[in-house]
């Protein structure tokens with residue numbers, strides 16, 4: 001929500017090193033021995049004959065004053081890359097460390113341990129560097145309280161989260177790759193210009209801590225797998241025809257909101273439903289269960305209020321569950337979707353729908369979208385920690401809707417409701433200009 005809400009917990013600066021890891025400026029003995037044991041196992045896993053170990057060093061925020069609950073032990077195994085003949089040494093070590101980190105969940109004092117292989121001649125700008133092997137500092141971090149612009153960091157992180165959400169929904173491998181490159185270059189430019197506390201690097205840490213980078217990575221891999229697979233997909237024309245026939249009865253809206261959505265043919269509606277089913281399948285295959293559930297609810301909303309809703313619902317469920325759709329078995333159980341609190345039945349302009357889809361739980365405010373004004377307020381973990389929210393979240397949502405209405409001169413919205421994942425709701429109201 002507010003700038004401070006987004007940076008809180010993700011950005012910190014302390015007047016001492018992490019006391020669970022350090023005793024003053026000395027690495028705690030139990031921590032050091034455990035890191036050495038992990039490094040030994042990792043070197044054995046590399047299976048490199050006559051591996052030449054130069055050093056075992058720690059870098060990152062746990063070797064500095066800016067550690068948080070999300071900080072990792074960045075454990076670097078230093079060696080001589082030229083000891084292995086060929087041009088694939090770096091790629092080999094990158095692949096091995098990725099497999100190791102993906103397959104292991106090792107923690108010390110509640111912090112994950114990430115393994116890296118580093119060339120002895122590599123340049124590194126880390127403020128703190130500690131040799132675990134020799135138990136001495138290679139570069140002692142300096143205590144210097146940084147000047148952090150919470151609003152700038154929050155704005156940059158929100159923009160990146162919005163771009164990631166849109167790239168994930170679009171599902172384009174090319175777009176996701178471009179965004180990954182953009183984020184990587186943005187972070188490096190920030191590090192080069194302003195160091196660890198640059199706006200770009202801090203925004204990067206926020207989206208990493210909130211698992212947005214994981215979301216990009218999983219979606220891209222899922223799309224690559226899909227493209228490399230040979231699948232006949234949904235091949236039953238009879239099913240498509242049945243869906244079109246069920247949608248052909250003109251819908252009679254019995255609610256009092258204007259229809260702002262262009263008329264769509266039954267065939268186009270059926271195609272749209274199939275596309276939503278494919279999106280749900282892709283989310284499930286990528287392990288994004290919250291997004292898969294949300295997409296299922298979107299499918300159900302598509303047919304809500306239709307005269308043939310009772311026929312459409314079981315038909316769509318059969319399509320989703322059909323082996324021909326190749327739905328991932330890890331998808332959540334298909335149940336009658338729960339309606340968001342006080343969800344109105346007004347249809348939305350496509351531009352407004354796209355805008356709402358791009359919101360994150362950290363967003364709050366209002367924007368003009370075409371002929372409409374959209375008020376919105378997300379609920380992060382910090383927002384949900386309040387006693388009022390814990391006791392009666394529906395009352396909190398109603399207060400927010402009432403506040404939106406008051407700000408618009410007590411005008412009634414043409415649409416209001418909740419979007420986002422179940423655990424991170426975003427309350428919104430849509431008004432005509």
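By the gyration tensor of its Cα atoms, with a ≥ b ≥ c the square roots of the eigenvalues, what is the shape of segment 18-139: rounded for a/c under 1.5, prolate for a/b over b/c, or oblate? Please report the intermediate quantities before stating the final value.
Numbers: a/c = 1.85, a/b = 1.57, b/c = 1.18.
Prolate.
Step by step: find N for segment 174-220, compute 2.2 N^0.38 Å, then divide the Cα radius of gyration by it. What's the final number?
Ratio of Cα Rg to 2.2 N^0.38 Å: 1.16.
What percent does the relative contact order of segment 18-139 come to when contacts are Cα pairs within less than 8 Å and at least six residues apart? The partial results should precede the final answer.
Numbers: 169 pairs, mean separation 37.7, N = 122.
Dividing the mean separation by the residue count of segment 18-139 yields 31 percent.
Just the number, please: Stokes-Einstein D of segment 68-131 in µm²/s, Kirkwood Rh from C-alpha pairs, 4 °C, 1.567 mPa s. Numbers along the way, then the final one.
Working: Rh = 13.3 Å.
It diffuses with D of about 98 µm²/s by this estimate.
Note down the nm distance, to one decimal, between modelled labels 7 Å out along Cα→Cβ at residue 145 and at residue 225.
4.9 nm
Order the peptides 75-84, 25-34 from the highest to the lowest mean number of other Cβ atoms within 10 Å of their residues.
Packing proxy ranking, top to bottom: 75-84, 25-34.
How do the peptides 99-107, 370-378 rank, highest first, by the average count of neighbouring beta carbon atoms within 10 Å per residue?
Working: 99-107: 12.4, 370-378: 19.2.
Highest mean packing first, the order is 370-378, 99-107.
So how long is each side of segment 63-102 along the principal axes, counting just the alpha-carbon atoms, biggest first, in Å?
40, 21, 11
Along the Cα→Cβ direction, 7 angstrom out, place labels at residue 173 and residue 368. What is the inter-label distance in nm?
For the pair residue 173/residue 368, the computed spacing is 4.2 nm.
So if R0 is 25 Å, what FRET efficiency would residue 33 and residue 131 give, r being the distance between their Cβ atoms, rounded to the nearest 0.05? Walk me through the numbers before you get to the answer.
Working: r = 15 Å, r/R0 = 0.58.
About 0.95, to the nearest 0.05.
At a Förster distance of 56 Å, what's the computed FRET efficiency of residue 308 paired with residue 214, Cβ-Cβ distance as r, to 0.05? Please list the in-between numbers first.
On the way: r = 40 Å, r/R0 = 0.72.
Rounded to the nearest 0.05, the efficiency is 0.90.
Just to be sure I understand: if I project the alpha-carbon convex hull of segment 150-228 onto a plane and average over all orientations, what area do I get in nm²?
Values: hull surface 19.6 nm².
Hull-based average projected area comes out at 4.9 nm².
A short reminder: the numbers here are calculations on the coordinates, not readings from a lab. This one's a predicted model, so the numbers in the text were calculated from it and none came from an experiment. Note that each Cβ is placed from the backbone with ideal geometry, even for glycine, and that neighbours are counted across all protein chains shown.
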